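K.L.:
Here it is, the structure, as structure tokens.
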Amino acid sequence: MKAPVRVAVTGAAGQIGYALLFRIASGEMLGKDQPVILQMLELPLDKAQAALRGVMMELEDCAFPLLAGMVGTDDPEVAFKDADYALLVGAMPRGPGMERKDLLLKNAEIFTVQGKALNKVASRNVKVLVVGNPANTNAYIAMKSAPDLPAKNFTAMLRLDHNRALSQLAIKANVAVADIKKLTVWGNHSPTMYPDYRFATVDGKSLKDTINDADWNANTFIPTVGKRGAAIIEARGLSSAASAANAAIDHMHDWALGSNGEWVTMGVPSDGSYGIPEGIIYGVPVITANGEYTRVEGLAIDDFSRVAMDKTLAELEEERSGVAHLL
Ligand SMILES: NC(=O)c1ccc[n+]([C@@H]2O[C@H](COP(=O)([O-])OP(=O)(O)OC[C@H]3O[C@@H](n4cnc5c(N)ncnc54)[C@H](O)[C@@H]3O)[C@@H](O)[C@H]2O)c1
Ligand SMILES: O=C(O)C[C@H](O)C(=O)O
């Protein structure tokens, strides 16, 4: 049996937390041979702490063989102590009629505090996934607040957008989701994101040629994927939770255990490639292996894509300016 690893989850009593923790404890994230110690953070409010105690009772009641320990706390330095993985979910969600960036100033402080706590107490190799919105800029804030940790260890969740794009494409082309390779979503987790299937293949054949519908791409596919979060809020009255937790599991699973040579999308600090200034947390195609991600380099960027990639970049730069005073 492997030694247990420490997995910190913030917002553990929230919607996404409830859809996430049981899957982590059952081994779906890090493997069926990897014991985990869950270190769960919630707000220092009676209601939040009581709800967290309830979640922990339910975790106990599952008798998961891989759950090697649990900590529930309102102190980030307890939650992140020696953490090998940190899923930063806890933040305010948007409601109907809001954009994710409307949450920026409300949620930003959470990520300065938590970045500092990670810097102080987490494993030096901690892998951080920011889910709380606006996810890219919150990941940027956490990264900048943790100068002693490697910047590459801070990532934002674009995987939900990647999975949404996969399903829309599978429906359109009448193919199986699992057969679509080489898809990506560039940029910000916001309506400006650019889901891009120019390189995608199905059974080695170009998906773009199979679909052959530029109008559908520009006027249906891209806006449908970009506005899917709002469509879920409109339908459910609450933001996505099970699909968000599922994407977080996919992101961390692939980062830890590898993507078997396949492309996945992660929001990662830019290295300056593709015309994205260094340090901006931007969705890009990566291949993961041995606990590391490697950007897919050298892809051709045509005029349509350049405009789309610059638009989502401009939004990220605007968000970064909006939080500069906190860093
Ligand atoms: N990146 C994505 O693809 C994606 C997808 C879905 C949701 N989200 C975002 O994830 C976040 C959580 O969504 P949810 O539906 O679970 O919300 P929720 O309101 O159900 O749960 C959030 C939980 O976080 C807790 N919390 C708030 N501040 C905290 C802090 N400083 N420390 C610890 N816990 C804290 C709250 O008490 C609450 O229990 C939101 O910001 C939402 O917009 C992102
Ligand atoms: O859209 C939201 O506010 C929640 C989440 O980011 C989503 O994409 O479902």
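The values are calculated or read from the model by the stated rules, or taken from the named source; none is laboratory data. Computed from a predicted model, the values in this text were never measured in an experiment. Positions of Cβ are generated from backbone atoms using ideal geometry, with glycine treated the same way; all protein chains shown enter the neighbour counts. For accessibility, only protein heavy atoms count, side chains too; no ligands or nucleic acids. Shrake-Rupley method; radii C 1.70, N 1.55, O 1.52, S 1.80 Å.
K.L.:
Would you give the gap between the C-alpha center of the range 14-41 and the C-alpha center of the range 250-327, rounded to a whole Å?
P.N.:
Centre-to-centre (Cα) distance: 26 Å.
K.L.:
Give me the angle, in degrees from 0 to 90, between the Cα long axis of helix 242-257 and the longest principal axis of the Cα atoms of the chain, rounded to the nearest 10.
P.N.:
Relative to the chain, helix 242-257 is tipped by roughly 90 degrees.
K.L.:
Normalising by the residue count of the chain, find the relative contact order in percent from Cα pairs under 8 Å and 6+ residues apart.
P.N.:
On the way: 666 pairs, mean separation 55.5, N = 327.
Dividing the mean separation by the residue count of the chain yields 17 percent.
K.L.:
Accessible area per residue, 1.4 Å probe, Å², for the chain: what's the number?
P.N.:
Accessible area per residue: 42 Å².
K.L.:
Taking the Cβ of Asn153 as the centre, find all other residues whose Cβ is under 12 Å away and add up their charges (Lys, Arg: +1; Asp, Glu: -1).
P.N.:
0
K.L.:
Using only the alpha-carbon atoms, how far is helix 135-144 inclined from the longest principal axis of the chain? Give it as 0 to 90 degrees, nearest 10.
P.N.:
60 degrees
K.L.:
Please grab the % of Cα pairs in the range 195-275 that end up more than 20 Å from each other.
P.N.:
I get 56 percent for the Cα pairs in the range 195-275 exceeding 20 Å.
K.L.:
Considering only Pro277, Thr220, His253, whose Cα is most displaced toward the positive end of the charge dipole of the range 120-278, charges sitting on Cβ of Lys, Arg (+1) and Asp, Glu (-1)?
P.N.:
Going by the charge dipole, the pick is His253.
K.L.:
Nearest 0.05, what FRET efficiency do Leu327 and Ala176 give at R0 = 45 Å with Cβ-Cβ as r?
P.N.:
0.55
K.L.:
So, with +1 on the Cβ of K and R and -1 on the Cβ of D and E, and no other charges, what is the size of the charge dipole of the range 1-147 about its Cα centre, to the nearest 20 debye?
P.N.:
It works out to roughly 500 debye.
K.L.:
Over 19 Å between Cα atoms, which of Lys227/Lys311; Lys152/Lys182; Lys101/Lys227; Lys2/Lys152; Lys127/Lys227 qualify?
P.N.:
Lys152/Lys182; Lys2/Lys152; Lys127/Lys227
K.L.:
Multiplying the sequence separation of Val307 and Ser206 by 0.36 nm and subtracting their Cα-Cα distance, what value in nm do you get?
P.N.:
34.1 nm
K.L.:
If you take every DSSP beta bridge whose two residues both sit in the range 98-229, what share of them, in percent to the nearest 5, is antiparallel?
P.N.:
On the way: 7 of 10 bridges.
Here the antiparallel bridges make up roughly 70 percent for the range 98-229.
K.L.:
How much of the accessible area of the range 18-68, in percent, comes from carbon and sulfur atoms when a 1.4 Å probe is used?
P.N.:
Summing carbon and sulfur atoms, their accessible area is 60 percent of the total for the range 18-68.
K.L.:
Once you put a point 7 Å from the Cα of Asp215 and another 7 Å from the Cα of Lys106, both along the Cβ direction, what distance in nm separates them?
P.N.:
The modelled label-to-label distance comes out at 4.0 nm.
K.L.:
If you don't mind, another one. Report, for the chain, the % of DSSP beta bridges that are antiparallel, rounded to 5.
P.N.:
Working: 19 of 42 bridges.
In the chain, approximately 45 percent of DSSP beta bridges are antiparallel ones.
K.L.:
Also: Going by alpha carbons, how many degrees (0 to 90, nearest 10) lie between the helix axis of 46-62 and the longest principal axis of the chain?
P.N.:
With rounding to tens, the tilt is 90 degrees.
K.L.:
Which value in nm describes the separation of the simple spin-label points at Asp82 and Ala242, placed 7 Å from the Cα toward the beta carbon?
P.N.:
In this crude label model, Asp82 to Ala242 measures out at 3.6 nm.
K.L.:
Kirkwood-based Rg over Rh for the range 5-156 (C-alpha set), two decimals?
P.N.:
0.96
K.L.:
Let me ask something else about it. Report the normalised scattering of the chain as log10 I(q)/I(0) at q = 0.09, 0.11 Å⁻¹, calculated by the Debye formula with identical scatterers on the alpha carbons.
P.N.:
Evaluating at q = 0.09, 0.11 Å⁻¹ gives log10 I(q)/I(0) of -0.44, -0.66.
K.L.:
What does the extension gain come out to for Ser273 and Thr224, with contour length at 0.36 nm per residue minus their alpha carbon separation?
P.N.:
Going from the current span to full extension adds 14.9 nm.
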